[in-house]
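The structure appears right after this line, and notes come after that.
Just so it is clear, none of the values below were taken in a lab; they were calculated from the coordinates. The structure presented is a predicted model; accordingly, all values stated were derived computationally and were not measured. When we count neighbours, we look across all protein chains shown, and the Cβ atoms used for this are built from the backbone with ideal geometry, even at glycine.
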Amino acid sequence: MTEVSVQGEKRNRNAAAEFTRPLLLSPSEDLAGYVMGHLGLTILFLITTTSVAAVFLIFYFVIRESLPFFTTGGGAAILARVREFFTDPGWYPSATEPRYGALALIVGSLYVTAGALVVAVPVGLLAGVFLSDIAPFNLRQICKPVIEILAAIPSVAYGFFAVMVLAPWLQTHLGFSSGTNALNASLILAVMALPTIISVSEDAMTAVGREIREASYGLGATRAETIINVVIPAGHSGILAAVILGMMRAIGETMVVWMASGNASRIPSPWWDLSQSIRTMTATIAGDMGETPKDSEHYYALFTVGLTLLLFTFSLNLLSEYLLGKARAGRGRR
Amino acid sequence: METPETVPLKKTDAGHAARPQQFAQAAVTESSEAVISARQFSFFYGAKCGVDQVSMAIRSGSVTAIIGPSGCGKSTFLRSINRMNDLIPGSRAQGVLAVNGHNVYDKRTNLVNLRQQVGMVFQKPNPFAKSIYDNICYGPRLQGIRSRGRLSEIVEKCLRDAALWDEVKDDLHKSALALSGGQQQRLCIARTLATRPNVVLMDEPCSALDPIATARIEDLIAQLKGAYTIVIVTHNMQQAARVSDETAFFCLGKLIEYDRTEKLFTNPSKKETEDYITGRFG
């Protein structure tokens with residue numbers, strides 16, 4: 001074998017050729033190294049695949065538990081159930097003639113999410129621009145961690161603030177009949193989405209190369225012109241991803257909307273009336289699940305709501321991954 | 001903070017009359033006026049001194065090369081001329097650096113106008129992720145030119161001046177990022193010319209390019225000479241010898257020698273210069 005010949009050459013006079021350690025080892029000769037190497041790889045692989053498997057299992061479980069909602073009535077009933085679920089605004093699971101129309105819940109979720117984005121996107125993007133291009137270095141070093149603390153506050157604390165502080169304020173100052181309503185939930189969700197939007201959009205704009213900024217300044221552009229014409233277009237994928245991540249935060253949030261939205265499952269009319277109470281998909285699941293017997297129709301209906309929600313966030317997640325990937329690719333090209 | 005940069009021009013003239021004279025004799029051979037003149041100019045990054053009391057005068061329409069080992073302050077000096085160093089936090093200037101007789105570090109300096117009169121080409125080609133056409137139009141549009149006909153004229157003229165027109169005339173609306181490195185750099189030069197500058201600063205414009213692309217940029221510099229005052233920082237001494245009329249040698253932030261290129265490379269008067277150009281250090 002080769003290692004024998006390496007050993008044999010040990011007494012070579014030429015010191016540069018004197019290799020004292022064998023360069024080739026078969027697994028049997030280096031058993032400990034071989035076993036530890038493969039064992040380590042296997043363990044790390046298993047740990048990583050556990051979380052991947054968890055995602056698939058969640059999908060499997062949610063789909064399995066929601067399918068009976070459509071299939072129990074037999075073939076012809078499936079279409080009727082689908083139509084009822086997506087077009088009926090009435091969610092009356094405990095009525096003598098129960099109705100499982102999730103339209104009001106879906107609209108409610110989209111409603112508070114849109115409301116939150118209307119506030120959080122402009123504020124978040126302006127703050128991101130300020131931090132990336134305008135704020136002096138020291139101020140940025142202070143502001144970023146403080147803003148990120150916003151994301152660390154438990155959502156029930158936000159909910160508490162919504163009920164105890166914001167709701168009475170809305171009632172006394174804006175004259176709303178109920179303080180827990182769509183506006184209240186939207187405002188609190190906006191604050192909760194802000195750290196994500198600020199942080200990710202700031203990263204996207206900071207990542208725009210210094211060369212590109214210099215090119216713009218060198219041609220006589222002011223700071224505002226540079227931000228608008230160069231920095232924001234170059235960082236647009238990351239900025240869009242920031243908005244979508246903020247949107248996911250808002251649409252998936254449960255505790256705050258449960259406490260702040262008023263939980264009335266109806267579509268506001270007129271549609272722009274933010275002072276009305278609404279109910280979201282998340283709050284419905286959290287609120288109803290405790291009193292629902294397993295394997296009842298209501299139980300299956302709640303899982304169907306969950307599946308709808310999961311599909312929303314899943315597609316948003318895919319979209320944000322795609323945009324962030326595009327942003328990274330753009331950065332690599334520079 | 002002391003604000004020596006706001007000291008009126010006249011006082012500084014009187015105070016340091018002796019030093020610029022010394023260089024004026026050596027370098028400015030013809031009667032053309034100095035378009036850029038530094039008097040006791042220093043530049044600091046925090047406590048670190050990047051450029052140390054440099055005095056030199058660059059005459060209008062010439063090509064001036066700045067050479068020197070890495071970290072000698074040549075890029076810092078170049079970037080001070082149109083105040084690109086302002087972007088670096090904690091930076092500070094002292095003394096006078098005048099363009100067309102006006103101290104650019106005066107508080108009243110309008111950076112937009114300064115940078116349009118004193119354009120810059122950077123080390124790495126840095127076109128915007130826009131079309132070739134929009135890259136050229138960036139500066140003119142900032143100046144308020146909106147007419148399509150006028151913009152197209154500018155695009156054609158600048159691309160011709162930058163010797164790029166024949167290669168890209170059919171692809172004006174394609175992304176500038178699809179061009180080769182050498183083409184991108186010529187596009188960046190065209191983009192700089194589009195703001196109609198008097199001075200073009202080039203910060204190692206060929207260091208990211210292959211020899212063929214480099215030769216084309218050098219030809220371009222020779223064509224632009226006279227119409228523009230060009231100051232070029234380069235690591236490549238052959239390049240400095242090929243393209244420039246005058247050469248300045250910087251070392252450790254100081255201006256060691258500044259003379260006609262021919263003289264500086266064949267018969268340098270300072271020992272350090274000779275050591276550097278013969279490759280004994282740096």
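Using θ = phi - 60° and the Karplus form 6.51 cos²θ - 1.76 cosθ + 1.60, what ³J(HN,Hα) does each residue of segment A:245-257 get, whole Hz, x for Gly and Pro?
5, x, 5, 4, 4, 6, 6, x, 5, 10, 4, 5, 5
Amide H of A:Ala151: which non-local residues (sequence gap of 5 or more, or other chain) have their own amide H closer than 5 Å, using H built in the peptide plane?
none
Hey, what did chain A get for relative contact order, percent, Cα under 8 Å, at least 6 apart?
Value for chain A: 21 percent.
State the antiparallel share, in %, of DSSP beta bridges confined to chain B, rounding to the nearest 5.
Bridges in chain B that DSSP calls antiparallel: roughly 60 percent.
So what are the ³J(HN,Hα) numbers for segment A:321-327, from phi and the Karplus equation (6.51, -1.76, 1.60; θ = phi - 60°), rounded to whole Hz, Gly and Pro as x?
Coupling constants for segment A:321-327: 4, 4, 5, 5, x, 5, 4 Hz.
Using a cut-off of 26 Å between alpha-carbon atoms, which lysines can reach A:Lys144, once sequence neighbours fewer than 8 places away in the same chain are excluded?
A:Lys144 reaches A:Lys326.
Compute the relative contact order of chain B as a whole-number percentage, counting only Cα pairs closer than 8 Å that sit 6 or more residues apart in sequence.
Computed value for chain B: 25 percent relative contact order.
Sort A:Arg99, B:Arg79, B:Arg92 so the one with the fewest other Cβ atoms within 10 Å of its own Cβ comes first.
A:Arg99, B:Arg92, B:Arg79
Can you tell me how chain A classifies by the Cα gyration tensor, rounded, prolate or oblate, using a/c under 1.5 as the rounded cut?
Oblate, because a/c is 1.5 or more while a/b does not exceed b/c.
Roughly how far apart, in whole Å, are the Cα centres of segment B:46-68 and segment A:62-96?
Between the Cα centre of segment B:46-68 and that of segment A:62-96, the gap is 79 Å.
Using a 10 angstrom cutoff on alpha carbons, build the Gaussian network for chain A and name the most mobile of A:Met164, A:Met255, A:Met36.
Maximum among the listed residues: A:Met36.
Of all chymotrypsin sites (Phe, Trp or Tyr not before Pro) in segment B:187-282, which ones are in loop regions per DSSP and have a Cβ with at most 10 other Cβ atoms within 10 Å?
B:Phe281
Provide B:Tyr45, A:Tyr299 in ascending order of the number of other Cβ atoms located within 10 Å of each residue's Cβ, fewest first.
The order, fewest Cβ neighbours first, is B:Tyr45, A:Tyr299.
Based on other C-beta atoms within 10 Å, arrange A:Val257, A:Val62 from fewest to most.
By the 10 Å Cβ count, ascending: A:Val62, A:Val257.
For a quick check, take a GNM of chain A with Cα springs below 10 Å and name the residue from A:Glu214, A:Glu29, A:Glu97 with the largest mean-square fluctuation.
A:Glu29
Would you grab the residues whose amide H sits under 5 Å from the one on B:Ala65? Only those 5+ places off in sequence or on another chain, please, with H modelled 1.01 Å from N.
Here B:Ile232, B:Asp245, B:Glu246, B:Thr247, B:Ala248 satisfy the definition.
Under the definition of Cα pairs under 8 Å and six or more residues apart, what whole-number percent is the relative contact order of segment A:238-334?
Value for segment A:238-334: 37 percent.
What are the residues whose amide H is under 5 Å from the amide H of B:Glu33, where those residues sit 5 or more places off or on another chain and H is modelled from the backbone?
B:Ser60
For segment B:70-84 and segment A:279-310, what is the separation of their C-alpha centers, rounded to whole Å?
Using only Cα atoms, the two centres lie 66 Å from each other.
Any lysines with Cα under 25 Å of the B:Lys263 Cα? List them, leaving off those in the same chain fewer than 8 positions away.
Excluding near neighbours in sequence, the set is B:Lys74, B:Lys225, B:Lys254, B:Lys271.
Helix A:182-206 sits at what angle to the longest principal axis of chain A, using alpha carbons and giving 0 to 90 degrees rounded to 10?
20
Based on DSSP H runs of at least 4 residues, each adding -39500 (n - 2.57), what is the mean residue ellipticity at 222 nm of chain A after dividing by all its residues, to the nearest 500 deg cm²/dmol?
-22000 deg cm²/dmol
Pick from B:Asp166, B:Asp134, B:Asp219: which residue has the top mean-square fluctuation in a GNM of chain B where Cα pairs under 10 Å get a spring?
In the Gaussian network model the winner is B:Asp166.
Just to check I understand the Karplus step: with θ = phi - 60° and J = 6.51 cos²θ - 1.76 cosθ + 1.60, what whole-Hz values come out for segment B:214-228, glycine and proline as x?
Running phi through 6.51 cos²θ - 1.76 cosθ + 1.60 with θ = phi - 60° gives 4, 4, 5, 5, 5, 4, 4, 4, 4, 5, 7, 4, x, 6, 10 Hz.
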